[in-house]
Every structure is written in C-alpha cells, then in structure tokens.
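S.K.: Got a structure for you, written out below as structure tokens; questions coming shortly.
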C-alpha cells in the first residue's frame with residue numbers, strides 16, 4: 001500500500017509547477033520586441049520606451065514617441081503593464097502587446113504575415129488555434145493576427161474578488 005502512494009506523492013508535488021508554467025509565456029529568442037508578454041518589468045526595462053498616459057490601473061509604453069496631441073502613432077508597438085496574474089497581486093507585468101509596425105517580429109510573424117504563416121507558426125510553438133485560424137491560445141492568454149494591420153498578444157488578468165469597476 002505504501003509503495004503506490006510513494007510514487008504518487010512526487011506527481012502531486014509537480015502539479016502546482018505544471019499549472020504555473022502556463023501563466024508565464026516563454027520569450028521568443030528571435031523576437032525584436034523590447035519587452036515580452038508576462039515579463040516582470042523594472043524601471044530600467046523602460047528607458048528606451050515612451051510613456052503614454054492612459055488611465056487608472058494600467059501603464060502604457062510605446063516603441064516610438066506619442067504624437068504631439070498625445071495619440072498613439074499608426075506604426076508602433078504598444079506595451080500594456082498591469083499587475084499579473086491577478087489585478088491584486090501587485091508588480092508590473094506586460095499583459096498586452098499590440099504591434100502595428102511591420103518591422104517587429106514575434107514567433108516569426110509580422111503584421112504582414114498571412115493566415116497560413118500564422119497557423120504554421122502557432123502550431124510550431126504549441127499554441128491552440130481557434131476555428132478562424134487568426135487567433136490562438138496558450139494557457140493564460142492569446143495571440144491574434146489581423147493581416148496587414150496588427151498582431152496582438154494578451155495575458156488574461158483575473159479578478160479573484162469579482163469586483164466590477
């Protein structure tokens with residue numbers, strides 16, 4: 001009776017680590033993004049980026065300066081920073097990336113990639129494709145392509161307390 005339990009205990013200890021692995025996305029080593037999704041951000045990570053005042057509870061940084069009227073330029077990378085994985089957990093993490101600049105790549109994709117390119121890349125990286133083939137999920141987030149317009153990565157931030165803002 002003790003032997004099966006002895007084999008089962010190490011498996012139980014691994015479960016929390018398996019679950020946590022899906023909360024944080026591994027960085028694509030070939031990407032030219034300044035930050036990556038679910039990265040914990042420090043002030044020194046933001047020195048080459050431009051702050052865009054947006055609102056309460058979120059910080060937004062751009063890869064290029066905002067326009068004179070404070071708007072986001074047509075071609076840029078927009079990084080959204082919030083607490084993660086729950087809004088109340090604290091810290092600054094990249095929870096959203098929106099790419100509209102064709103010079104930026106992630107998972108071998110740009111905004112000019114085709115639906116077929118997207119499908120191949122997502123399958124290669126182990127993402128679960130949607131029926132449309134233009135979005136894919138990983139454990140705690142998603143990535144989507146609007147060909148010729150944008151490539152978006154989003155981490156799901158929870159709200160354990162069910163507070164409605």
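The values are calculated or read from the model by the stated rules, or taken from the named source; none is laboratory data. Please read all numbers here as calculations on a predicted model, not as lab measurements. When we count neighbours, we look across all protein chains shown, and the Cβ atoms used for this are built from the backbone with ideal geometry, even at glycine.
S.K.: Within the stretch 79-104, track down each residue that is in contact with a strand residue (DSSP E or B) (Cβ under 8 Å, 6 or more places away or on another chain) and part of a loop (DSSP other than H, G, I, E, B).
M.R.: Matches in the stretch 79-104: 83, 84, 85, 87, 91, 92, 100, 101, 104.
S.K.: Before we move on, is residue 145 assigned to a strand (DSSP E or B) and more than 23 Å from residue 46 (Cβ to Cβ)?
M.R.: When the stated conditions are applied, residue 145 passes them.
S.K.: If you don't mind, another one. Which residue is surrounded by the fewest Cβ atoms within 10 Å (Cβ to Cβ), if the candidates are limited to the stretch 88-109 and must be more than 19 Å from residue 48 (Cβ to Cβ) and more than 15 Å from the chain's Cα centre (by Cα)?
M.R.: 90
S.K.: Next question, about the same structure. Which condition breaks for residue 136 when tested against (1) modelled with pLDDT under 95; (2) part of a strand (DSSP E or B); (3) touching a helix residue (DSSP H, G or I) at 6+ places or on another chain (Cβ under 8 Å)?
M.R.: (1)
S.K.: Return the residue satisfying two criteria in turn: it lies in the stretch 39-58 and is modelled with pLDDT of 95 or more and crowded, with 17+ Cβ neighbours inside 10 Å, and of such residues it is farthest from residue 22 (Cα to Cα).
M.R.: Checking each candidate, the answer is 49.
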